[in-house]
Amino acid sequence: MENNILLKGFVKIRPEYEIDQSNYAKINNTIQYQAYLKENNNKENIEFKDLNYKNINHYMCKSDRIKKRAFFIPDMLNEDPNLRIISNTNHHHNGANLKERMEVFEKISLKLFNEFYHEENYRPDIICFTTSSGYIAPSPVQTFLSQKGWCNTNVFQVSHTGCYGAFPSINIAAGQLSYRLLSEGKALSAEIVHIESNFLHYNPSQHDTAQLINHSLFGDGAIKYKVEIESEHNRNNALKLIYTFDKILPNTTDIVKFWISDYSFHNVMSKHLADVVIENIDDYLKELCNKAMINYDDMKENAVFALHPGGPKILDGITEKLNLKPWQVENSYWVLENYGNMASATLPHVLERIIKDDKLKGKYVIAIGMSPGLTLGSAIFKRL
């Protein structure tokens, strides 16, 4: 008996506070200059302010590629420091410390879990909580389940895996469902929940090129979806899992760095990231298709591609390298344009759009992401 795994039932919650990318440089420069003044005893330096504004405009992701992003906290909409939560420069030029930021993460996550699971008569057997933007123990999902009295729900947590976090989460959920079906003879319900509040790690005192780029690229997002054993009752509007494949590219450990600092998580992406991904993507996909026993040329010509929109250069480079047509990648471009990079939550937002498009029924779907390592992660699905 085949135990095919399906993904379906995608539900997203959009953050409350949205900013047009065209307004980003001005407000970011205002906040960063306030941090500069705090650090330098309120000594004015208009030369620094003007130069910083020019640097932000030069290095930021432009509004023709990212139109808007949204956040779970209102800081980017307020020039008044006292109305900001983690970037109140009246207290410290770095903003809130890491403990304070994690307390905000816990509040945001608990609110989102209560919104996701507001129906009292539904509780999944398994929840896999995936995030790279907050850690606290007990974790928000454990606190939520305890408060609800759902103490028999099994919890798995995928943390610090960056932008490809959906793939280990899918593998964990699929493995648990298959194991429990084999050992207990029944199909359980599993859900994956992504909560990414990337803006919590905005540090107004950081003006280096890498951080100016990151500040303009990342947005917040939350999404959940079901992972189920296929049956005659759940085959519509689903993605059937065909194969998953991860690979660490040799000698690339410096391409993406992610660590914990005193005031925030610190993420640095090398300027060579896109070049490394583009250089390796063709051979990587050939290996993926070979392992899945699927013709690579047919796949490249006819499949839908859910590319993690890590940035415009990565999307453009992969599209050109593989000679993909606009319809194959339009969902990835749409998510980047309207939401920005939401770390692990980004690819599920792309897959949600693919599931909603009935024109794509019957198509193979290739999902690709990347994380520190440098690790390339992927999955092949069939759109049902």
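Only the coordinates and a few stated rules stand behind these numbers; no lab work does. Please read all numbers here as calculations on a predicted model, not as lab measurements. Cβ sites come from the backbone with ideal geometry, for glycine too, and all protein chains shown count toward neighbours.
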Can you tell me how many residues in the stretch 220-254 are in contact with a helix residue (DSSP H, G or I) (Cβ under 8 Å, 6 or more places away or on another chain) and closer than 30 Å to Val268 by Cα?
12
Could you say whether any residue in the stretch 354-364 is touching a residue at least 40 places away in the same chain (Cβ under 8 Å), within 25 Å of Val268 (Cβ to Cβ) and surrounded by fewer than 21 Cβ atoms within 10 Å (Cβ to Cβ)?
no
Those residues of the stretch 16-61 which are under 23 Å from Gly310 (Cβ atoms), in a helix (DSSP H, G or I) and of a type in the set (A, V, I, L, M, F, W, C) amount to Ala25, Ile56
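Residues being surrounded by fewer than 16 Cβ atoms within 10 Å (Cβ to Cβ) and either under 30 Å from the mean Cα position of the chain (by Cα) or farther than 18 Å from Asn88 by Cα (or both): count how many of those fall in the stretch 31-42. Reasoning before the result, please.
Taking the stretch 31-42 as the starting set, the residues that turn out to be surrounded by fewer than 16 Cβ atoms within 10 Å (Cβ to Cβ) are 39-42.
Filter once more, so that each one left must be either under 30 Å from the mean Cα position of the chain (by Cα) or farther than 18 Å from Asn88 by Cα (or both): none.
Adding up the residues that qualify gives 0.
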Please go through (1) farther than 27 Å from Gly221 by Cα; (2) surrounded by 15 or more Cβ atoms within 10 Å (Cβ to Cβ) for Phe10 and return the number of the only condition it doesn't satisfy.
(1)
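For the subset of the stretch 141-191 comprising residues that are part of a loop (DSSP other than H, G, I, E, B) and touching a strand residue (DSSP E or B) at 6+ places or on another chain (Cβ under 8 Å), which member is surrounded by the most Cβ atoms within 10 Å (Cβ to Cβ)? Talk me through it step by step, then tell me what you get.
Filtering the stretch 141-191 for residues part of a loop (DSSP other than H, G, I, E, B) gives 149-153, 160-161, 165, 185-189.
Applying the additional criterion that residues be touching a strand residue (DSSP E or B) at 6+ places or on another chain (Cβ under 8 Å) yields 153, 160-161, 165, 187-189.
Working: Thr153: 19, His160: 16, Thr161: 23, Gly165: 28, Ala187: 17, Leu188: 18, Ser189: 16.
This residue is Gly165.
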Taking only the stretch 215-260 into account, find how many residues are without any contact (Cβ under 8 Å) to a residue 40 or more places away in the chain, within 30 Å of Ala70 (Cβ to Cβ) and over 20 Å from the mean Cα position of the chain (by Cα).
0
If the Cβ limit is 7 Å and pairs must be 6+ apart or interchain, which residue in the stretch 195-209 that is closer than 15 Å to Arg101 by Cα pairs with which residue that is part of a strand (DSSP E or B)?
Ile195/Thr131; Ile195/Ala222; Glu196/Thr131; Glu196/Gly221; Asn198/Phe218; Phe199/Phe71; His201/Phe265
What residue, among those in the stretch 80-95 that are in a loop (DSSP other than H, G, I, E, B) and more than 27 Å from the chain's Cα centre (by Cα), is surrounded by the fewest Cβ atoms within 10 Å (Cβ to Cβ)?
Asp80
Report, by residue number, each residue of the stretch 62-79 that is in contact (Cβ under 8 Å) with a residue 12 or more places away in the chain, part of a loop (DSSP other than H, G, I, E, B), of a type outside the set (Lys, Arg) and surrounded by fewer than 19 Cβ atoms within 10 Å (Cβ to Cβ).
Ser63, Pro74, Glu79
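Let's see how each residue does on (1) in contact with a Gly (Cβ under 7 Å, 6 or more places away or on another chain); (2) of a type in the set (S, T, N, Q):
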position: Pro81; (1), (2): no, no
position: Arg84; (1), (2): no, no
position: Phe113; (1), (2): no, no
position: Asp125; (1), (2): no, no
position: Thr130; (1), (2): yes, yes
position: Thr143; (1), (2): no, yes
position: Thr153; (1), (2): no, yes
position: Cys163; (1), (2): yes, no
position: Ser169; (1), (2): no, yes
Within the stretch 63-83, is there a residue that is touching a Lys or Arg at 6+ places or on another chain (Cβ under 7 Å) and farther than 21 Å from Phe265 by Cβ?
yes
Being surrounded by fewer than 20 Cβ atoms within 10 Å (Cβ to Cβ), in contact with a strand residue (DSSP E or B) (Cβ under 7 Å, 6 or more places away or on another chain) and without any contact (Cβ under 8 Å) to a residue 24 or more places away in the chain is the requirement here; does Trp327 meet it?
no
